Amino acid sequence: MASHLLNHSAKVRNVSKLLHHERYMLARWFSGDAQSSLNRRRDVWKTQLPESSTRSSVFEPVVDFTKRNISMASIRRGSITGSGFTREISPSSQVLSRRCYASASDLPPHQEIGMPSLSPTMTEGNVARWLKKEGDKVSPGEVLCEVETDKATVEMESMEEGYLAKIVRGDGEKEIKVGEVIAITVEDEGDIDKFKDYKPSTSEPSAPPAKETSVPSPPKKEVAEEPAREPEANVSKPSAPTPSGDRVFASPLARKLAEEKNVPLSSIKGTGHEGLIVKADIEDFLASDGASSQVSTPSKAKGATDAALDYINIPVSQIRKVTASRLLLSKQTIPHYYLTVDACVDKLTSLRSKLNSLQEASGGSRISVNDLVIKAAALALRKVPQCNSSWANDYIRQYNNVNINVAVQTDNGLFVPVIRDADKKGLSTIGEEVKQLAKKARENSLKPQDYEGGTFTVSNLGGPFGVKQFCAIINPPQSGILAVGSAERRVIPGSGAEEFKFGSFMSVTLSCDHRVIDGAIGAEWLKAFKGYIENPESMLL
């Protein structure tokens, strides 16, 4: 019994040593695994990030962070967290900025400011002018520069305090992609001179040279096969085309390429299944002598024509590009149809004269025919709300607010500022807002809130230009636009055989999206609009 107790006591005395040894082995295993994991992660960063981008990347080697006494606890997408540094990076922030730290190029800590995304449709912008100079101190909320977006010129404000060290993209520079670096800011004034010759790093693709060097054998094969190009020999012969009346079979990709290169499919012999013309046949034809002989003549004629013409190339502004793309999208995707009516405007002009005399007596601004048209359109939308809607694929969205966009032509392009809740406003208020917004549009100083949120559009070419009648293109995502023509005097037959009278009539055309507005609904809206125009007193009730 005594020996048994002594044996157990010896085991108990060794327990602490055993536990200490196990803790040591466990800690050593975890530290080695963590170290290897960190090494693997650092290797992954090195392989994923190009060398040229390490200067401006947030994921710098740990040694660079230790220079600033920042202990990196963890790195997650969209933010950097540590015991000494915490900064959230918001992808949806208005001004795109990226903080960079010292690297092998001995650049001090700095912040790269990118071209901001100032509207939902903006992909690139222009720098109109800088309001701050290099070396100036900037504070949060101060305006750095004016950026020309796809809709207007907007002021870009500073998000942090510091000094503007370098302006990368100067005044008037155009077509700058969203996120592209346009300026550098630093925290210390003494670091400004170090960015005098700074250029943002750009990663160059290195894949094509690697492919060329790694696979040297294909060029030899191509050279060996060049003299015996059977497809090219068949293609270049003019007698190879199929007999007239036979259908030419080609893949969609081959047809698209043939249309782009102006290559007649009838002169190509297909090498695909059952004579199908494929993309390779078009490429072989373009590389053959037959293609050059066919293309050379039109190109020479085109060159001679261009040489005889006298022309200038006008740069396209951002608003012009966006207008072109949106109108093209509207015509290609929205099924338009048009309804036209003639409305008598004698009572309208008479009421306008009375109201203007009252306005002049009270010192107010004059009311135009266009102001009355906007009011009548808004009230008609309130009466027929189906036309105050938009198509959303799975449903039709009907708006409770009646916001009328008014087309304004300027030297910079076409703008459509919005009159919000036009059905609830008086004629003098509508007229004053239209004048102010038109002035801002001509000065290219509209803000996003001045043109976004419209539910219907009015375009008037009658009063200012004398256009009798026209059909306007719908402004997506809206489902209707009213084109207003000029008023003209007409003879109206009377009740008797020789009785007649004169009247002024205005032609208006409603463009409708047939997915949203049926023909009868569009006609009902025009009837309501015509009723307000021919009986304008009802608009004042």
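Taking all protein chains together and a 1.4 Å probe, the residues 323, 509 rank 323, 509 from largest to smallest accessible area.
When the surface is traced with a 1.4 Å probe over the full set of protein chains, residue 266 keeps roughly 60 Å² accessible. For residue 394 and residue 121, a Förster radius of 22 Å and the Cβ-Cβ distance give a FRET efficiency of 0.50, rounded to the nearest 0.05. The residues 514, 336, sorted by heavy-atom accessible surface at 1.4 Å with ligands and nucleic acids left out, run 514, 336 from largest to smallest. Placing a pseudo-label 7 Å from each Cα along the Cα-to-Cβ vector at residue 197 and residue 337 gives an inter-label distance of 7.0 nm.
Each Lys and Arg contributes +1 and each Asp and Glu -1, all at the Cβ; summed about the Cα centre of the stretch 296-415, the dipole is approximately 260 debye. Solvent exposure of residue 158, expressed as accessible area, is near 10 Å², computed with a probe of 1.4 Å over the protein chains only.
Pairs exceeding 21 Å between alpha-carbon atoms, taken from 174/331; 425/468; 347/527; 331/375: 174/331; 425/468; 331/375. Computed from point charges on the beta carbon alone (+1 for Lys and Arg, -1 for Asp and Glu), the dipole magnitude for the stretch 364-440 about its Cα centre is near 200 Debye. Take the Cα radius of gyration of the stretch 110-194 and divide it by 2.2 N^0.38 Å, N being the number of residues; the result is 1.03. The phi torsions of the stretch 126-131, fed into the Karplus equation with coefficients 6.51, -1.76 and 1.60 and a -60° offset, translate into couplings of 10, 8, 5, 6, 8, 8 Hz, rounded to whole numbers, with Gly and Pro shown as x. The fraction of accessible area contributed by carbon and sulfur in the stretch 110-194 is 41 percent, rounded to a whole number (1.4 Å probe; ligands and nucleic acids excluded). What FRET efficiency comes out for residue 313 versus residue 445 if R0 is 25 angstrom and r is the Cβ-Cβ distance? Round to the nearest 0.05. With R0 = 25 Å, the Cβ-Cβ based efficiency is 0.35. Sorting 391, 525 by solvent-accessible area of protein heavy atoms yields 391, 525, largest first, with a 1.4 Å probe. On a per residue basis, the stretch 331-539 carries 48 Å² of accessible surface, using protein heavy atoms and a 1.4 Å probe. For residue 471, the solvent-accessible surface computed with a 1.4 Å probe is close to 70 Å², ligands and nucleic acids excluded. Computed from point charges on the beta carbon alone (+1 for Lys and Arg, -1 for Asp and Glu), the dipole magnitude for the stretch 110-194 about its Cα centre is near 280 Debye.
Here the gap between residue 188 and residue 535, fully extended at 0.36 nm per residue and compared with their Cα-Cα distance, gives a gain of 117.9 nm.
The values are calculated or read from the model by the stated rules, or taken from the named source; none is laboratory data. Note that the coordinates shown come from a computational prediction; the quantities given were computed from them, not determined experimentally. Ideal geometry is used to build each Cβ from the backbone, glycine not excepted, and the neighbour counts take in all protein chains shown. Each accessible area value is taken on the protein alone, full model and side chains, heavy atoms only, with ligands, DNA and RNA left out. Shrake-Rupley method; radii C 1.70, N 1.55, O 1.52, S 1.80 Å.
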